[in-house]
Amino acid sequence: MKLADNKATLSFSNGSPSIDMPVYSGNIGPDVIDVRKLYADSGMFTYDPGYLSTASCQSGITFIDGDKGELLYRGYPIEQLADKADFLDTCYLLLNGELPVGQQSKDFHKLINQHTMVNEQMQFFLRGFRRDAHPMAVLTGLVGALSAFYHDSTDINNPEHRHIAAIRLIAKMPTLVAMAYKYGLGQPYMYPQNNLSYAGNFLRMMFGTPCEEYVVNPVLERAMDRIFTLHADHEQNASTSTVRLCGSSGTNPFAAIAAGVACLWGPAHGGANEACLKMLGEIQDSGGVAKVGEFMEKVKDKNSGVKLMGFGHRVYKNYDPRAKLMQKTCDEVLKELGLENDPLFKLAKELERIALEDEYFVSRKLYPNVDFYSGVVLSAIGIPVNMFTGIFTLARTVGWIAQLNEMISDPEYKIGRPRQLYTGSVRRNVQR
Ligand code: ACO
């Protein structure tokens, strides 16, 4: 970050002296006002619940331009990565800053493929859960437990430990997600098969059984890989900020990532595609495309409490670029599976068409987000709704690790410790 030409001056209406604060510029995006000395200089804190105007860190990993609808990983547009790189190349990019070339790519794929198996003892740990436990509850526990199973890589301040933990997490997450799924079904776990691609291996561990050979469908494999790439990182969102805050205390890397898994579980974050699919199902049950107009009237009526799920985003005030790629993936998957006439997909397209022309949505800059089509694709692939957030967890793990590494390596890194505006009782004495 570099000092901008201008500075910010904060003045007070009560005659207190005004305060100058430095302004820093990044490479793109808004400048920031450095308020770190504000408390020392004025005795006041800033107040910004929900971080609407607060940059919590400097970062060189992911950039979002919400007005343009642009998402860059290390400077590369998501559209180009989705077309020209696979998920593991994207992981390498997020972790190391550059795309792997030639042998680097092969070596990284091999490294990840060689660490896909989990400690055999993990399955006994898993057995302690109820069979009907939510997969995200199970995953939060499993990821946290990795620190106990691999205690040679728990020192967050040791770059070698962080590297080993990163490789293990990326490699083992598909195995853990598939184990959580199989456990709920009561089917045997499938051991990873390392000659398959990352996405192919995951599909086999999810849908294969020991009774028959599982042949990976290349269209579904490509779709799965692209879904992972689209969800790999999204700058300082709630779960990433959770991982940073948790890791800032020096806790071990597996514990910090487990905190991210717990945060992602929430319906306002990772659970939105589930809500979108439920909405499409309800419209379908009430009469399908013929009822779209009626549904849209409810969405526009503030008193109805109904929202068009999969539309709108805190940051994107234009088409979420991931939504376009997801729609394309949806087309490819449904065609491959002979589901082109899938009623939910048709319904989604009709809702999108109407919303993009409607004054209510246009004036509020509400566009489809990544969740609008991802639920349709995932369920066409055969992933049950309660596993959707687990897929997101698998994909986002690399982003969490890259951001954690960046934080630890930042010379300005400190334990995260927000302040507050106290509104409780003032000092009083216990009367008894
Ligand atoms: N349907 C109908 N109206 C909407 C929608 C929607 N999906 N989203 C926003 N609006 C309206 C709001 O009612 C508000 O209207 P008003 O100005 O007349 O009061 C206006 O658009 C602005 O909306 P805010 O809620 O202020 O926008 P905010 O940035 O706080 O919320 C959010 C973003 C939470 C994503 C919201 O758009 C939403 O609830 N969308 C549906 C849920 C969803 O798809 N979430 C997934 C997000 S992507 C992700 O997490 C991976």
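The values are calculated or read from the model by the stated rules, or taken from the named source; none is laboratory data. Because the structure is predicted, anything quoted here is derived from the model rather than measured. Neighbour counts are summed over all protein chains in view; Cβ atoms, including those assigned to glycine, are modelled from backbone coordinates with ideal geometry. Side chains included, ligands, DNA and RNA excluded: accessible areas come from the protein's heavy atoms. Shrake-Rupley method; radii C 1.70, N 1.55, O 1.52, S 1.80 Å.
Summary of computed values
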| quantity | calculated |
| --- | --- |
| From the C-alpha gyration tensor of the stretch 60-182, square roots of 5λ in Å | 30, 19, 14 |
| Peptide ranges 325-334, 365-374 listed from the most packed, as the mean C-beta count within 10 angstrom indicates | 365-374, 325-334 |
| Highest-MSF residue in the chain out of R396, R226, R353 [GNM, Cα springs under 10 Å] | R353 |
| The chain: DSSP helices with Cα axial extent of at least 27 Å and average Kyte-Doolittle hydropathy no lower than 0.0 | 159-185, 388-409 |
| Centroid-to-centroid separation of the stretch 113-158 and the stretch 1-58 [C-alpha atoms, Å] | 42 |
| Part-to-part distance (alpha-carbon centres) for the stretch 242-290 and the stretch 386-427, which is given in Å | 15 |
| Sum of side-chain charges, S56 neighbourhood, beta-carbon under 14 Å (Lys, Arg +1; Asp, Glu -1) | -1 |
| Equivalent ellipsoid, the chain (semi-axes from 5 times Cα gyration tensor eigenvalues, Å) | 37, 30, 23 |
| Angstrom value of the Kirkwood radius, inverse mean 1/r, which spans all Cα pairs in the stretch 40-86 | 13.6 |
| Residue among I391, I156, I28 with the largest mean-square fluctuation in a Gaussian network model of the chain, springs linking Cα atoms under 10 Å | I28 |
| Dipole of the stretch 16-75, positive end: most advanced residue of Y73, V32, Y51 [Cβ charges, Cα centre] | Y73 |
| Additional length obtainable on full extension of the chain from K346 to N386, 0.36 nm per residue less Cα span | 12.1 nm |
| Mean ellipticity per residue at 222 nm, deg cm²/dmol - from DSSP H runs of n ≥ 4 across the chain, formula -39500 (n - 2.57) | -15500 deg cm²/dmol |
| Nearest-0.05 FRET efficiency for L52 and Q431, computed from C-beta distance (R0 60 Å) | 0.90 |
| Net length gained if the chain between K298 and K68 were fully extended (0.36 nm per residue, minus Cα distance) | 79.9 nm |
| Convex hull of the stretch 299-432 built on C-alpha atoms - directionally averaged projected area, nm² | 15.8 |
| Taking all pairs of distinct alpha-carbon atoms in the stretch 181-293, Kirkwood radius in angstrom | 17.4 |
| Residues K317 and A4, FRET efficiency given R0 of 25 Å [Cβ-Cβ distance, rounded to 0.05] | 0.55 |
| The chain, accessible surface, carbon-and-sulfur percent (1.4 angstrom probe) | 52 |
| Approximate spin-label separation S25-Y191, in nm, with each point projected 7 Å along Cα-to-Cβ | 5.8 |
| Gain on full stretching of the segment that runs from Y76 to D41 - 0.36 nm per residue minus C-alpha separation | 8.5 nm |
| With all protein chains modelled, accessible area of E98 [1.4 Å, Å²] | 110 |
| Residues whose placed amide H lies under 5 Å from that of E70, excluding near-sequence neighbours | D65 |
| Most mobile of F124, F295, F12 in a GNM of the chain (Cα contacts under 10 Å) | F12 |
